[in-house]
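The numbers here are math on the coordinates, done by the rules we state, and not lab data. In this text, all values refer to a predicted model and were calculated from it rather than measured experimentally. Note that we place each Cβ from the backbone using ideal geometry, even for glycine, and neighbour counts take in every protein chain shown.
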Amino acid sequence: MSPTPTLLDRPALIVIDVQRGFDASTFWGPRDNPACEANISTLVEHWQNNHWPLVFVQHESENPESPLASASPGADFKDCLSGAPDLLVRKSVNSSFYGSPDLDAWLRAQDIDQVVICGITTNHCCETTARMAGNLGYDTYFVIDATHTFDRTAPDGSTVPAETLSMVTATNLHGEFATVLDTASLLSC
């Protein structure tokens, strides 16, 4: 993993789409990183203990067939999230910066320059949010072992394993959009 970052006084933890609908393995397929939820819970507890800004993001799919459809039980947060966030963002697209209320406006109003990203899925909403955070000028950290994803079918019909997708996401983000690290490294700051 990369060198340990120096966290500022008030980094915001952005916890993306940690929702029950992602437990529908028949819909999503095989996943990686069974420790994801435990690592997210550890990060949330650490943020709460330090009284740092905590943002929960909830995906509300417009597809009524989706396990994340806004009216379904799958839209609810998993039990690994406890307490109330400082901000709850609802979205129907990949980026947490295109939700309501406006995440960027809230972060800037709070004078927050540093964000830490975790959640589901690694290569969709988490990666998209990290790319936008980096482009918007935030000092961005991506906690790779506090994310997970699912196997995907490539254009040629082959299966790309979730572990490979996570590695590619880490490679795409690190050094350009974000600093990629694991939970232990972040907590040692």
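Helical runs (DSSP H, four residues minimum) scored at -39500 (n - 2.57) apiece and divided by the length of the chain put the mean residue ellipticity at 222 nm at -7500 deg cm²/dmol.
Expressed in nm to one decimal, what extension gain is obtained for the pair residue 35 and residue 184 from 0.36 nm per residue of sequence separation less their Cα-Cα distance? Show your work: numbers first, answer last.
Working: separation 149, 0.36 × 149 = 53.64 nm, distance 1.25 nm.
Full-extension gain reported as 52.4 nm.
With a 10 Å cut-off between alpha carbons and a GNM built on the chain, which of 177, 77, 27 moves the most? Fluctuation is largest for 27. Taking 0.36 nm per residue of separation and subtracting the Cα-Cα distance, full extension of the segment from residue 158 to residue 79 would add 25.0 nm. Within the chain, DSSP assigns beta bridges of which about 15% are antiparallel (rounded to the nearest 5). When each of the peptides 152-160, 57-65, 129-137 is scored by the mean number of other C-beta atoms lying within 10 Å of its residues, the order from highest to lowest reads 129-137, 57-65, 152-160. Beta-bridge orientation, region 9-115: approximately 15 percent antiparallel, per DSSP, counting only bridges with both partners inside.
Amide H contacts of residue 116 (H built 1.01 Å from N, in plane; Pro and chain starts excluded): 12, 13, 14, 141 sit under 5 Å, all sequence-distant by 5 or more or on other chains. Between residue 27 and residue 171, the modelled label-to-label distance comes to 3.1 nm, taking each label 7 Å out from Cα in the direction of the beta carbon.
Near residue 58, the amide H atoms lying under 5 Å from its own belong to 17, 89, 90, 91; only residues 5 or more places off or on other chains count, and H is placed 1.01 Å from N.
Net charge dipole, region 1-79: roughly 200 debye, given to the nearest 20, about the Cα centre with Cβ charges of +1 for Lys and Arg and -1 for Asp and Glu.
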